[in-house]
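Encoded as structure tokens, the structure appears first; notes follow it.
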Amino acid sequence: MNIFDNKIEFRGFLIGALVLVFLLPMLNALTSPDSFLHVSSFQLSLWGKYVTYAVLAMSLNILWGYTGLLCLCQSLFFALGAYAFGMYLVLHIGIDEVYNTPLPVFMDFQGYTELPWYWAPFEYGAFAVFAAMAIPGVVALIFGILVFRSRIKGVYFSIITQALTYALMLLFFKNNLELFGQSYILFGGNNGLNDFKEIFGADVDSASTQRWLFIGSVLLMLSVYLLVAWVLKTKFGKVQQAIRDSENRIRFSGYSTTSYKLLIFTVCAMIAGAAGALYVPQVGGINANEMTPAKSLDVVVWVAFGGRGTKFGPVLGAVVVSVLKSFFLRAAPDSWLIILGAIFIFTVLFMPNGLVGLPQQLKPWIDRLKSRKATTSPVS
Amino acid sequence: MAHVPSEKHTPLILSVDGVTKSFDGFKAINDLNFYLEEGELRTVIGPNGAGKSTFMDLITARTKPDSGRIRYHQDDGSDVDLTRVREHQVSQLGIGRKFQNPTIYKSHTVYDNLQLSLSGKRGLLSSLFYKETKENRDKIYDVLETIRLSEFADRLAGSLSHGQKQWLEIGMLLAQDPKIMLVDEPAAGMSDEETDRTGELLLSLEGKHSLIVIEHDMEFVRQIARRVTVLHQGHVLKEGSFDFVRSDPEVIEVYLGRQTRNH
């Protein structure tokens, strides 16, 4: 079964994959820095970050675009994945020169002399990779059972997911958690986890590490794309969209919408977590600011702007908005939020199908222009 | 005053015994008794607030009664207590419901709408690895033929006319091979011609399925009526042929009278 809609999509996917997996990393590794074709390591890791954003947007699109669940906690899952992998990274910094401690410095500040048991497994990279997906997955599963079983939907679902984000953000901002007379160290509070040195035995900031992280992010994005394309071709994908269009009907047709939504929600949380895990070594840190509700709203803007319920739209939206953000934060820092708001309002009012839907939307106009030209131009 | 069949010519498929359901003290359904025979086409009428929709909600396990029993008599002779099953299981038992407003999957094609409704496994894995067989396809084309939408198979359901949507939803029920079909105001908002066709469609299903049709439009009821049940204040007021019911003074008072006064 061909999972692509047509040849154009298939070729586009292939070309995109070749360029991102081979061409860009090779231009970074093999050309000299003076060359016109050179892609700098800074550029590469910047684009690596955008790619992880694109994956995040795709995960929201599966929920919002295809299942009708406007989830406002996707950035939370992303950050949970980032924290899980960041814990591994922060445990491999080695002995701090200034404070002379083998522990992460924020633990030293709190008077810890040895690693708490719940931090210990994160010394292992494989565990951290697993946890980066499993932790968001488990949180989504438990939360989803509560929410979907009580049939919370629509705007109420959005609000409650935002509340979850806010609650966990407050928790992650704390340095310490006092629970039943016991004090638990958390995740570095305000500063979060940063200043990484090593990843799987390699220097985290070296050009080759960053290159592999970029390739890893791209492979994740391509796999998620294939997953979405495949599911859309199955009956599962049709059920998903039927839940969006008419949940009562599909439930009366005998589908347990609760289990469908639960599976989708959990898988999307895991995808977001995986993206977060790839984000953290490329950006060099994670802190609770990534959990603010506004971050999840950003993802909504990306998806809406790119084209909700389309396969490529979220990727495009995430990248374009992120590039614009990078540009405006340098050119006119204070203007960015206004511009972001304007983009969103413009999208809602004038581009219901986003960037991807624009050609289709403009087609009648162009046709009319053409026909007007045809009628007014003299017949020779 | 429900019609309790004493001589069992045709076996029963559904028995509702002494069911009561109240919302905030208001008795939407009050000691309701209702019996449906296999293959019967039953029309249920009643003024607004008579409890018609609650009645359907109860049969489809959408709401649970405060008291009373709702039994579904299966082919193998066993009974299922419908007050104890979950909503999505009701359709697997063989009870399909058509909502009052056409509810279809607007961004799917007419064909896919039926495919999703086709009887079969409903689990996560079975839908991920679903393979359409020739049998499935034939069944879908059969249903398309019955609801006269064959030529629209590839159209998006959202682009159909109101009447066609209603037929599609009836088709979606048929695709499930239901034993009992609950049809809520199928002719609402239809043109006269569409209403006629809907009537023909429902009559053609009589015998193959057991149907409960809720309807307001008396012209339409006259067309399809076999046995008519009149609900009033959550209770069966009268039951009998269309003419019997229509000439009953009590019915005229609570329902028909009110309707003629309104017009």
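Worth pointing out:
- Three-way shape call for the stretch A:7-379 based on the alpha-carbon gyration tensor, with the a/c threshold at 1.5: oblate
- Amide N of the stretch A:145-170 lying under 20 Å from the label point, which is placed 7 angstrom from the Cα of residue A:297 along Cα→Cβ: A:154-170
- DSSP bridge orientation in the protein assembly as shown - percent antiparallel, rounded to nearest 5: 65 percent
- Dipole magnitude of the stretch A:269-380 about its Cα centre (Cβ charges: Lys, Arg +1; Asp, Glu -1), debye to nearest 20: 580 debye
- Taking amide H positions as modeled 1.01 Å from N, with prolines and chain starts lacking one, the residues under 5 Å from residue B:14 and 5 or more places away or on another chain are B:36, B:73.
- Local net charge near residue A:311, Cβ-Cβ under 9 Å (Lys/Arg +1, Asp/Glu -1): -2
- Cα lying deepest toward the dipole's positive end in the stretch A:7-379, options A:168, A:209, A:141, charges on Cβ: A:141
- Contact order, relative form, for the stretch A:1-124: 12 percent (alpha carbon pairs under 8 Å, 6 or more residues apart, mean separation divided by residue count).
- Per-residue HN-Hα couplings for the stretch B:42-51 [Karplus 6.51, -1.76, 1.60; θ = phi - 60°; Hz; x = Gly/Pro]: 10, 10, 10, 10, x, x, 4, x, 6, x
- Nearest 10 degrees, 0 to 90: helix A:7-18 Cα axis against chain A principal axis: 30 degrees
- Of all accessible heavy-atom area on the protein assembly as shown, the percent that carbon and sulfur account for (1.4 Å): 59 percent
- Mean accessible surface per residue for chain A, computed with a 1.4 Å probe while every protein chain stays in place, in Å²: 48 Å²
- Ratio of the Cα radius of gyration of the stretch A:188-277 to 2.2 N^0.38 Å, where N counts its residues: 1.58
- Taking a ≥ b ≥ c as the square roots of the Cα gyration tensor eigenvalues, the stretch B:1-90 comes out oblate, since a/c reaches at least 1.5 and a/b does not exceed b/c.
- Look at where the Cα atoms of the stretch B:191-251 and of the stretch A:86-128 average out, and the two centres are 75 Å apart.
- The solvent-accessible area of residue A:292, taken with every protein chain present and a 1.4 Å probe, is close to 30 Å².
- Partner lysines for residue B:139 [C-alpha distance under 25 Å; skip if fewer than 8 residues away on the same chain]: A:233, A:235, A:238, B:98, B:106, B:121, B:131, B:165, B:179, B:208
- Distance from the stretch A:299-366 to the stretch A:46-79 (C-alpha centre basis), Å: 15 Å
- Using C-alpha pairs under 8 Å with a sequence gap of at least 6, the mean separation divided by the residue count of the stretch B:1-123 gives a relative contact order of 21 percent.
- Solvent-free Debye calculation, one equal scatterer per alpha-carbon of chain B: log10 I(q)/I(0) at 0.12 Å⁻¹ equals -0.74.
- Rounded to the nearest 20 debye, the dipole size of the stretch A:1-129 about its Cα centre is 580 debye, using +1 on the Cβ of Lys and Arg and -1 on the Cβ of Asp and Glu.
- Residue among A:252, A:42, A:279 farthest towards the positive dipole end of the protein assembly as shown, charges placed on Cβ: A:42
- Proximal lysines to residue A:49, defined as alpha-carbon separation beneath 24 angstrom and excluding residues fewer than eight positions away on the same chain: A:197, A:295, A:311, A:325
- The charge dipole of the stretch A:86-160, taken about the Cα centre with unit charges on the Cβ atoms of Lys, Arg (+1) and Asp, Glu (-1), comes to about 840 debye, rounded to the nearest 20.
- Distance between modelled label sites at residue B:188 and residue A:100, nm, 7 Å Cα→Cβ extension: 8.1 nm
- Order of exposure, largest accessible area first, which applies to A:367, A:205 with probe 1.4 Å: A:205, A:367
- Degrees between helix A:336-350 axis and first principal axis of chain A (Cα, 0 to 90, nearest 10): 40 degrees
- Three-way shape call for the stretch A:1-145 based on the alpha-carbon gyration tensor, with the a/c threshold at 1.5: oblate
- For the protein assembly as shown, diffusion coefficient by Stokes-Einstein and Kirkwood Rh (Cα), 4 °C, 1.567 mPa s, µm²/s: 45 µm²/s
- Taking the inverse of the mean 1/r over every pair of distinct Cα atoms in the stretch A:239-285 gives a Kirkwood hydrodynamic radius of 12.4 Å.
- For the set B:209, A:38, the ranking by accessible area, highest first and with no ligand, DNA or RNA atoms included, is A:38, B:209 under a 1.4 Å probe.
- Residues with amide H under 5 Å from that of residue B:109, placed H, sequence gap 5 or more: B:157
- Shown in residue order for the stretch A:167-179 are the 3J(HN,Hα) couplings computed by the Karplus curve 6.51 cos²θ - 1.76 cosθ + 1.60 at θ = phi - 60°: 4, 5, 4, 4, 5, 6, 6, 7, 7, 9, 10, 8, 9 Hz (x for Gly and Pro).
- A simple rule links phi to the HN-Hα coupling: the Karplus curve 6.51 cos²θ - 1.76 cosθ + 1.60 with θ = phi - 60°, which for the stretch B:239-245 gives 8, x, 5, 4, 5, 4, 5 Hz, with x for Gly and Pro.
- Three principal axis extents of the stretch B:104-177 based on alpha-carbon atoms, in descending order, are 34, 22, 18 Å.
The values are calculated or read from the model by the stated rules, or taken from the named source; none is laboratory data. From a predicted model like this one, the values you see are computed outputs, not experimental measurements. Reconstructed Cβ throughout: ideal geometry from the backbone, glycine too, with neighbour counts over all protein chains shown. Ligands, DNA and RNA are stripped out before the accessible areas are found, and what is left, the full protein with its side chains, is counted by its heavy atoms. Shrake-Rupley method; radii C 1.70, N 1.55, O 1.52, S 1.80 Å.
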